[in-house]
Amino acid sequence: MNQQMTSRYQGVQLAFVLLASGIATSAQVSHPGGWHSGDDIVRIRSQIASKKEPWATALTSLLNDSSLPLTYTPSPQITVHRDCCNPHPNSSGNEAFEKDSIAAYYQMVKWVATADTRYSTSAMAIIDAWAATLQGFAGHDQMLAAGIYGSHLAQAAELLAYAEPQWPGRAKAETMFREAIYPVCSLFCGRTSTGEPMPPEQTCDKGANGNWDAGCMGMVASVAVFLDNATMLSSVIDYFKGGRGNGRLTNYIIDPAGQCQESGRDQGHTQDGLEHLTETALTIYHATNSTEPFTLSNHRLLAGLEYTATYNLNHTVPFTPNCGVYPAEGWCFKVISSKGRGSFSDMWEMAAAIYGSAAPFSQQVVSRPGYRPEGARAPIINNGPHVGDGPPGQGTLTFFGMDPIV
């Protein structure tokens, strides 16, 4: 077994004390610290070596996807412009950033499963191309672009830095994440990015539905780990626990029963918000070894997952009319929405693996006929809208079979 699989990341010595956030950590942080840890890589490769199902079929599906060849060619843009609403007629650069970020991540997932450095080399070419080109973001929905797709790109970069410790372009990639991507979500419910080609900075006095700032938390956590930036990661933890916007844990999952701020909007966006919170918690856990994000407020994240799984499995759940924390913005929902009910995002393997038997309805979702292997739909990189609006995907390959965290 490669020594990288069992050792800590070379040269990473952080004074990583997040006591102000209520999460104590060691002085050394294990890498990779994103959605997948070093122990996860060992487990996944062992499962693949066993040639057992459902992992064998999951990997075969991913490797055979013609949209993700070793010769994948990125299309880096100077500006990523995402406007509202879908489809985005003026969103030049958004589609390219979305597809290339997803592609980089999935190439690294292939490396995770196979140890084949051809895949990490392919991901490196994608990240390097964007690092040499991207200058900023623009448009009404730019925070979504940076938050969602930036998460995938940062997760790919974190895995790549682990796979290729001598990655020549790492410093340039770090600059891209720090200066071009992070500022778009720096306030989570707002941003500090200014100047051309970006519109003026945005405060948190006005806000959106919670999947926005939840997605930004996921990206900033991913970038913080890749940059070894303790202050940045601490800001994510603080916002997760006490942030201003609808994406804060207890603002998104509004009561102990698990109702979500967007439950009355539609089930797709609700699952997006939950996925972003879950991936944020997972990144914090792998970076700090703290399970607190999973157990905060009497297991509020679990309650939100189970409430949503229950409703989408066609059971009845309680609902309270609500307007979130920005009632003047018109995000008021009087009844639970049946829009998208029964359509499951590719996030449930992650949720079920984290909580194990404590999440019986999440377990029912992933046990439904046809669900596994999760995300096995080719081509992954396609011409439809929102190729990767949210979950890591390929959860059967990467999450199924791990020991529950809580």
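The values are calculated or read from the model by the stated rules, or taken from the named source; none is laboratory data. Please read all numbers here as calculations on a predicted model, not as lab measurements. Cβ sites come from the backbone with ideal geometry, for glycine too, and all protein chains shown count toward neighbours. For the accessible areas, the whole protein counts, side chains as well, though only heavy atoms, and no ligand, DNA or RNA atoms are used. Shrake-Rupley method; radii C 1.70, N 1.55, O 1.52, S 1.80 Å.
Using 1/(1 + (r/R0)^6) with R0 = 45 angstrom and r between the beta carbons of K172 and L63, what's the FRET efficiency to the nearest 0.05? Once rounded, the FRET efficiency stands at 0.95. Each Cα pair under 8 Å and six or more residues apart adds its separation to the average, and for the stretch 121-217 the resulting relative contact order is 35 percent.
Multiplying the residue separation of T133 and R341 by 0.36 nm and removing their Cα-Cα distance gives an extension gain of 70.8 nm.
For a quick check, take a GNM of the chain with Cα springs below 10 Å and name the residue from W130, W331, W35 with the largest mean-square fluctuation. Answer for the Gaussian network model of the chain: W331. Fully extending the segment from R118 to A49 would add 23.0 nm, taking 0.36 nm per residue of separation and subtracting the current Cα-Cα distance. Whenever you get a sec, compute what percent of the accessible area on the chain sits on carbon and sulfur atoms (1.4 Å probe). That share works out to 52 percent.
Greater than 26 Å separation of Cα atoms is the criterion. Which listed pairs, K99/K172; K241/K339; K52/K110, meet it? Beyond 26 Å between Cα atoms: K241/K339.
Chymotrypsin sites (Phe, Trp or Tyr not before Pro), restricted to the stretch 209-299: which are DSSP loop and have at most 16 other Cβ atoms within 10 Å? Answer by residue number: there is no such site. Computed with a 1.4 Å probe on the full set of protein chains, the accessible area for D403 sits at about 130 Å². Estimated at 0.36 nm per residue, the fully extended path between C204 and T295 surpasses their Cα-Cα distance by 30.1 nm.
With protein chains left intact and a 1.4 Å probe, residues in the chain average 37 Å² of accessible area per residue.
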